[in-house]
Structures are given as C-alpha cells and as structure tokens.
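Structure first, then comments.
The numbers here are math on the coordinates, done by the rules we state, and not lab data. This is a predicted model, so every value here is computed, not measured. As a convention, Cβ positions derive from the backbone with ideal geometry for all residues, glycine included, and neighbour counts pool all protein chains shown.
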Amino acid sequence: MVKKKKKNKINVLVTGSNGQLGKSLKYFYKKNSIYKLIFKTKKQLNITKYLELKKCIEANNIKIIINTAAYTNVDLAQKYSKIANSVNAVAVKKISDLCKIYNILLIHVSTDYVFDGLKKKPYTELDKCLPLSVYGESKLKGDKYIVQKLDKFIILRIAWLYGPFGNNFFSKVMYKFLDNKNYYMISNQYAYPASSIQLAKDILKLIPIILLNKYNKKYFGIFNYGPYQRKISRYMFVKKLSKLIIKNVSLVNKYKLKTNSIKNKFSKKKNNNKLEIRPKNSMLENISFFKTFKIKKQTFDNNLKLSLTIYLKNVIN
C-alpha cells in the first residue's frame with residue numbers, strides 16, 4: 001500500500017508574540033491545522049532590524065506574517081516619538097518591503113487612534129484619518145506603507161483591545177478589583193471594545209479562507225474590527241465586568257473581589273493633556289469585515305465573559 005505524502009504546512013510568522021494578541025493566538029492555535037504558526041517575541045525577533053527579519057523569513061519559508069508587534073504606550077510615545085515611529089512605522093515599512101520581495105501575505109493590526117474622534121457616528125474604512133497623537137501618527141504611517149507597497153494585505157483596525165493576557169485595560173481593572181481600591185472611570189469616551197481572545201479566534205479562521213481565495217481581491221484591504229455595534233464607555237465596561245463577577249458568588253468569596261467602588265468621571269480635554277491625545281469617539285463601523293469573511297460577529301458581553309473565564313483559569317490560578 002502506497003502511503004500518501006503529507007502536505008507541507010503553510011508557515012505563518014507571528015511577531016510580538018509576548019503581547020496580549022500574540023498570547024491569545026497561541027492559546028487557541030491547534031497544531032493539527034493546515035498552517036504552522038511560528039511565534040517570535042521581541043527578544044527573538046527585532047522587527048526594526050531588516051536583516052534579522054529577512055533571515056527569519058528565509059529560514060522558516062514564511063508565507064504569511066501576522067504583525068502584532070507595536071509600541072502601544074500612547075503617553076510615552078509623545079515623549080519617545082523616535083521609538084514609536086521606529087516600531088510602528090519604519091519597521092512596518094521593512095516588513096512590507098520583505099513581503100513584496102517574498103510574495104508574503106501581511107495581516108497587520110492597526111488602531112482607532114488614526115482618527116481624531118470628532119465624528120458623531122462610527123468611523124468607516126473610508127473616513128479621513130486625522131490622528132491626535134504621536135502614537136496614532138506612527139500607526140497611520142505604518143498603514144500607509146502597507147497600502148502603497150502591497151497588493152496582498154489585511155489591515156485590521158481595532159479599538160480598545162483587551163483580554164486576559166498581558167497588560168491592558170481589562171487586566172488593570174482586575175488588579176483594582178483584587179486590591180479593593182476606589183477609582184474613577186471615564187464615561188464620555190466611547191468605542192466597540194475589541195477582545196484579543198475573539199480577534200485571535202477570528203484571525204485563525206481568516207487564514208484558511210485566504211489560502212483558498214488567495215487571488216480574490218475582495219479579501220484584501222483595510223477592515224475595521226470589533227463586536228456588535230453597541231457603544232461602550234470605560235465606565236460602562238467596568239460596570240459590566242463587575243456585574244459578571246457579582247453574579248458568581250464563589251468568585252467574590254475566593255478572590256475577595258469588591259466591585260462597588262467605581263465612580264463616574266467625565267473627561268475634560270482642556271485640563272488633561274493625557275485625554276487630548278485620545279479620540280473621544282473610537283467607534284468603528286465593522287460590517288465589512290464580517291460580511292466579507294462570513295465570520296459570525298460576537299457580542300461585547302459574551303467576549304467579556306470569555307475573557308474573565310480565561311483570566312481566572314489561566315492568570316490568577
């Protein structure tokens with residue numbers, strides 16, 4: 001009996017794999033998939049080094065890059081603009097150049113900070129980009145390099161990415177619950193907060209679709225991403241999280257969580273420089289993504305519940 005030859009897997013490079021999205025991808029990745037994810041942390045692969053990137057691509061025969069690496073500290077980016085631009089713009093240009101040379105599909109994670117937040121309605125993929133911050137400007141430069149250089153790319157613009165892994169808004173709030181501290185939450189900045197857990201699951205669904213339709217242009221371009229479109233403020237975010245915890249008495253008793261110390265606060269742009277560089281409206285119209293890829297859209301509530309479950313199972317324990 002003649003044995004069937006095993007098909008070679010498609011090698012997919014994941015940059016910045018120590019970040020929350022990288023860790024989320026690793027959490028859901030199944031090794032028996034038709035593709036192989038190769039995870040590289042900042043220490044293992046410095047995306048600002050062209051030759052280092054080139055060597056990694058050639059050595060691993062990379063066909064797809066998922067670029068999750070970014071300089072995301074909005075406040076420090078104002079002070080260290082060279083570093084922010086080096087990672088978010090110049091490094092993305094180098095990745096784009098190499099993707100062009102080696103015919104690699106690039107899946108790149110971008111941000112709502114490319115917009116000024118002054119629009120009353122959700123932002124679409126066609127709206128003009130007017131970033132308020134160095135961070136937003138650096139991410140926009142990266143986006144532009146990709147669009148100018150490549151034909152095969154997917155840029156996913158997301159707002160308020162959160163999840164159980166890494167340092168983000170969700171994990172910071174959980175630490176506050178554990179410490180039982182009083183604190184204020186902004187209630188007049190809005191978004192459709194994107195879950196790193198759900199985003200990871202959807203990116204993993206994307207890959208087989210792209211591999212089957214690699215010559216179909218409708219699958220390439222800029223897409224806004226997020227849950228069902230129900231605007232959420234940071235104050236509402238925390239209140240919803242607190243209700244999830246309160247419903248589970250065993251959680252409250254086990255971790256001594258207190259969630260009744262959240263206070264409402266309105267941002268005052270004139271008196272707070274930190275708020276001046278953050279869009280007030282970060283809502284992203286995301287119909288195109290789910291319609292194009294025929295992926296089921298989830299609710300913010302379900303995503304938040306899943307993040308809490310994974311956090312308590314894998315982070316605290």
Give, rounded to the nearest 20 debye, the magnitude of the charge dipole that the chain has about its Cα centre when Lys and Arg contribute +1 at Cβ and Asp and Glu contribute -1 at Cβ. 840 debye
Answer with one residue from 160, 102, 35: the one whose Cα lies farthest towards the positive end of the charge dipole of the chain, charges on Cβ with Lys, Arg +1 and Asp, Glu -1. 35
Name the residue from 186, 136, 59 whose Cα lies farthest towards the positive end of the charge dipole of the chain, charges +1 on Cβ of Lys and Arg and -1 on Cβ of Asp and Glu. 59
Taking the reciprocal of mean 1/r across every pair of different Cα atoms in the chain, the Kirkwood radius in Å is 20.5 Å
Among all stretches of the chain without exposed chymotrypsin sites (Phe, Trp or Tyr not before Pro) (DSSP loop, at most 14 other Cβ atoms within 10 Å), which one is longest? 103-214
Full extension between residue 276 and residue 28 adds, at 0.36 nm per residue less the Cα distance, a length in nm of 85.6 nm
Taking the alpha carbon gyration tensor of the range 132-210, what are the square roots of 5 times its eigenvalues, largest first, to the nearest whole Å? 31, 18, 10
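Is there a quick way to get the dipole size of the range 14-80? I mean about its Cα centre, with the Cβ of Lys and Arg at +1 and of Asp and Glu at -1; what is the value in debye to the nearest 20?
Taking the Cα centre of the range 14-80 as origin, the dipole is about 260 debye.
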